[in-house]
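What follows is a short report on a single structure.
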Amino acid sequence: MGGNTEMAGSLLRAGLDLGRGAASAQVRDGGRDDLARAAMIQARGRAGEERDAAREEASQAQERARRNKARRMSSHGASGLALSGSPLLAAVAGSVADQDSVQAALDQGRARAADVEAQGLTRAAALRRRNGSLLSLGGSLWDAWQD
């Protein structure tokens, strides 16, 4: 009967050890998951800042375009000549170029924001996967090499 009691006690200890190990692993995983969430929140914030900067840049480009157009139109108006032919084509081409610069500023901002978000996703994935194993260290090395 003593053997059964010892076996039951060792099984109970093993179960408690397993439970403690699972609880501590859960705490460690939760910490990594929190860090990953924080990395994503930070990346989204930086991406928003990039979008705001792009809108500001586009607004400045639009303002420059408006001033350039006003300058061109006032110089042609001051000459007293009708705007036709090559000068008209030049004015239209200038307007198109100005619109292109505004759109390019917006597109570049969107691309920068997407890059920042992708870097945040990569960072979050690396944080979630990091547990000290040889496999996770290989993933961390890969992530470092990709940056």
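The values are calculated or read from the model by the stated rules, or taken from the named source; none is laboratory data. Just so it is clear, the structure is predicted and the values come from calculations on it, not from any experiment. Don't worry about glycine lacking a Cβ; one is built from the backbone with ideal geometry, like all the others, and counts go over all protein chains shown.
May I ask you to list the residues in the range 39-65 that are surrounded by 14 or more Cβ atoms within 10 Å (Cβ to Cβ) and polar (S, T, N, Q)?
Result: 42, 62.
Being over 20 Å from the mean Cα position of the chain (by Cα) and under 18 Å from residue 36 (Cα atoms) is the filter; apply it to the range 92-132 and report the residue that is modelled with the lowest pLDDT.
This residue is 132.
For the range 64-88, which positions are within 17 Å of residue 99 (Cβ to Cβ) and either assigned to a loop (DSSP other than H, G, I, E, B) or modelled with pLDDT of 70 or more (or both)?
So in the range 64-88, the residues within 17 Å of residue 99 (Cβ to Cβ) come out as 64-73, 88.
Within the range 64-88, 64, 65, 66, 67, 68, 69, 70, 71, 72, 73 qualify.
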